[in-house]
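Input: a single structure, listed below in structure tokens.
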Amino acid sequence: MIEYPLKIKYNLYQITPVAGSLVAGVFLFISCSTFNSSPYWLNPETRSEREFFHGFSKVNKTTSSVEYINKARIQSMVSISQAIKSDIDVKSINKIKEVEYQGLVNNFQLEKSYEMISTVRSNLSIEGIEHIGEWEDKKYYYVYNRLSKSVYNKLLNRKISKAIELAENNYKEGIKLLNFNPASSLRYFITGLKALIPYQDQLLIIKNFENPEKVIHIDLELRKIINRCILSIQLIPIKKIQTTNIVTRQQKQIELISTIYSSDGEKLYVKDLPVLFNFTLGDGILTEKMISDKNGYIYCPIQKLNGRNQNYQIKAKLDLELFTGNDEIGNYLFKELSGTYIPHTFFNIDVEPLVIFLKSNEKSLGHVMSNPLVTPALIKILEEKIGAIFTSEQYDYDFILELNIDTQKRGEVFSLYTAFAQMSIYFYEDNNIIFANNFYDVKGTHTNYKKASQEAIKKLAEKVKEEIGDEIANQIIE
């Protein structure tokens, strides 16, 4: 008994160049002596028996012997594959007619799913192929394989029986848990349906375990109950609209609860339900996959909101792929089920302006300046960069920004006086320092200390405009 994979790749017969030349030489030797005695199966009439899937190929010998031999063998197997696909197409039509005849409305567009049957079936190994022969003449190379339909159907029926048994067991387990653990039920139902996908051209029937005199079309029943489960799941935000500011926005989380209504109308909280989160407005960093706890609650931490948007939106939706898997059948089923409603909800996060109470102490050589230079420069930078609002109301703010600015004398050389400016900054929330920084040794020189001090203050203000202001703004938001 020979086993060929129906889905052929080019290297089906892996032969090294040297070995290939030897094999080709043997075939050439044999063929030269038999050109005038062609095999019976070259006659098309001998390949017309309906009880077989026939795989005949005829390849022009215009390439190397290794290449045209491999090509002929592959084409022979592809011919069998195409014959099986045609058989599937016919049975698919019969399946639809039978479903309609019995009054089972095709709500789930079964005909579209048949496109997947031959693809999945082609990945199943085909046993029982007969290798009838290979032959060549001066111009062509011929290969003939065939597969008995009775053998194929016996093997197929055996696999169908196992698939139905698996689907039935998963269906029963899912029914048992439906009112206790809906997420687990959904996993059982989808696992059962996945087993049946390659055989949907067949009538897949089990006995109704509640009424043995009736039958259940198990693939249709699983589709129906899967869609009903998905449509029944609700994701409810605990707080749909949240407000934050440019600093505390990095310490947020969104919360929701997952529920479903049982067949008795009872509201159930769904545990172990996988949910995906992603930004639909704005951008940021969050935990993308979360699972509901035993009470149905789901918490998604938001590590960071990127940019300086005033509004962000986050979508939460059922992680359907975690149920279907991402194998070939799983990907197909995911696309099919995604065509219906997938439970989801949205969260809106509004970023409010940052209200800062400013405590500034700007001095020159220890004396408070009547016309400060550094403080207004920093205020302007923070208003532009982070949208900060400064207030003098001591009880209506989010944060406190404390500035201490002063200059010191550093000596005189050849009647040129030097002073250095320095600035310390503290950023508070509820008397807790979020960050602190110091900027030293901004030098000013002039003909006396007063003017040198004023020059140092001017340079510090310029430095705030050019670089220090950006650094402070980044420290606030990061």
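Could you list, in sequence order, all residues of the range 161-183 that are surrounded by fewer than 18 Cβ atoms within 10 Å (Cβ to Cβ), in contact with a helix residue (DSSP H, G or I) (Cβ under 6 Å, 6 or more places away or on another chain), in contact (Cβ under 8 Å) with a residue 12 or more places away in the chain and not charged (D, E, K, R)?
Across the range 161-183, the qualifying residue is only Leu166.
Name every residue in the range 393-433 that is among the β-branched types (Val, Ile, Thr) and surrounded by fewer than 14 Cβ atoms within 10 Å (Cβ to Cβ), in order of residue number. Show your work before the answer.
Start the filter on the range 393-433 by keeping residues that are among the β-branched types (Val, Ile, Thr), which leaves 400, 405, 407, 413, 418, 425, 433.
Passing the criteria: Val413, Ile433.
Look through the range 440-478, keep the residues that are of a type in the set (Ser, Thr, Tyr) and either in contact (Cβ under 8 Å) with a residue 40 or more places away in the chain or on the phi > 0 side of the Ramachandran plot (or both), and return whichever of them is surrounded by the fewest Cβ atoms within 10 Å (Cβ to Cβ).
So in the range 440-478, the residues of a type in the set (Ser, Thr, Tyr) come out as 440, 445, 447, 449, 453.
Of the ones still in play, those that are also either in contact (Cβ under 8 Å) with a residue 40 or more places away in the chain or on the phi > 0 side of the Ramachandran plot (or both) are 449, 453.
Working: Tyr449: 20, Ser453: 27.
Per the stated criteria, the residue is Tyr449.
Among the numbered criteria (1) at pLDDT 50 or above; (2) surrounded by 11 or more Cβ atoms within 10 Å (Cβ to Cβ); (3) over 14 Å from Glu134 (Cβ atoms), which single criterion is violated by Trp41?
(3)
When you scan the range 136-179, how many residues do you find that are among the acidic types (Asp, Glu) and over 38 Å from the mean Cα position of the chain (by Cα)?
Of the residues in the range 136-179, the ones among the acidic types (Asp, Glu) are 136-137, 165, 168, 173.
Next, from what is left, pick out any that are over 38 Å from the mean Cα position of the chain (by Cα): 136-137.
Going through the range 136-179 one residue at a time, the tally reaches 2.
Got a number for residues in the range 184-214 being under 23 Å from Tyr261 (Cβ atoms) and either of a type in the set (A, V, I, L, M, F, W, C) or touching a residue at least 40 places away in the same chain (Cβ under 8 Å) (or both)?
Residues flagged as under 23 Å from Tyr261 (Cβ atoms) and either of a type in the set (A, V, I, L, M, F, W, C) or touching a residue at least 40 places away in the same chain (Cβ under 8 Å) (or both) within the range 184-214 amount to 7.
Ile197 is checked against (1) outside any helix (DSSP H, G or I); (2) buried (at least 17 other Cβ atoms within 10 Å of the Cβ) and fails just one. What number does that condition carry?
(1)
Restricting attention to the range 296-305, does a residue exist that is of a type in the set (Gly, Ala, Ser), crowded, with 17+ Cβ neighbours inside 10 Å and outside the structural domain of Phe180 (by TED's automatic domain parsing)?
Yes, there is a match, as at least one residue in the range 296-305 is of a type in the set (Gly, Ala, Ser), crowded, with 17+ Cβ neighbours inside 10 Å and outside the structural domain of Phe180 (by TED's automatic domain parsing).
Given the condition exposed (fewer than 15 other Cβ atoms within 10 Å of the Cβ), more than 30 Å from Ile476 (Cα to Cα) and in contact (Cβ under 8 Å) with a residue 24 or more places away in the chain, answer yes or no: does some residue in the range 321-330 qualify?
Step one: filter the range 321-330 for residues exposed (fewer than 15 other Cβ atoms within 10 Å of the Cβ), giving 326-328.
Next, from what is left, pick out any that are more than 30 Å from Ile476 (Cα to Cα): 326-328.
Going one step further and asking which of them are in contact (Cβ under 8 Å) with a residue 24 or more places away in the chain, we end up with 328.
Yes, because at least one residue in the range 321-330 is exposed (fewer than 15 other Cβ atoms within 10 Å of the Cβ), more than 30 Å from Ile476 (Cα to Cα) and in contact (Cβ under 8 Å) with a residue 24 or more places away in the chain.
Tell me, which strands (runs of 3 or more DSSP E) wholly within the range 209-273 include 1 or more residues that are among the hydrophobic types (A, V, I, L, M, F, W, C) and under 27 Å from Asn169 (Cα atoms)?
Details: elements: 215-217, 234-237, 241-245, 252-261, 267-269.
So the answer is 215-217, 252-261, 267-269.
Kindly indicate which of Gly133, Gly128 is surrounded by fewer than 18 Cβ atoms within 10 Å (Cβ to Cβ), within 30 Å of Ser65 (Cβ to Cβ), of a type outside the set (A, V, I, L, M) and modelled with pLDDT of 95 or more.
Numbers: Gly128 fails: modelled with pLDDT of 95 or more.
Just one listed residue meets the conditions, Gly133.
Quick check on the range 137-181: of everything there that is in a helix (DSSP H, G or I) and of a type in the set (Ser, Thr, Tyr), which residue is farthest from Leu220 (Cα to Cα)? I'd like the intermediate steps shown before the answer.
Looking only at the range 137-181, we keep the residues that are in a helix (DSSP H, G or I), and these are 149-177.
Then keep just the ones that are of a type in the set (Ser, Thr, Tyr); that gives 150, 152, 161, 171.
Details: Ser150: 27, Tyr152: 25, Ser161: 17, Tyr171: 12 Å.
In this case the residue turns out to be Ser150.
Test Asp272 against the stated conditions and say whether it is modelled with pLDDT of 95 or more and out of contact with any His (no Cβ under 9 Å at 6 or more places or on another chain). Reasoning before the result, please.
Details: modelled with pLDDT of 95 or more: yes; out of contact with any His (no Cβ under 9 Å at 6 or more places or on another chain): yes.
Yes; evaluated as a whole, the condition is true for this residue.
The values are calculated or read from the model by the stated rules, or taken from the named source; none is laboratory data. Computed from a predicted structure; not experimentally measured. Cβ atoms come from the backbone with ideal geometry, glycine included; neighbour counts cover every protein chain shown.
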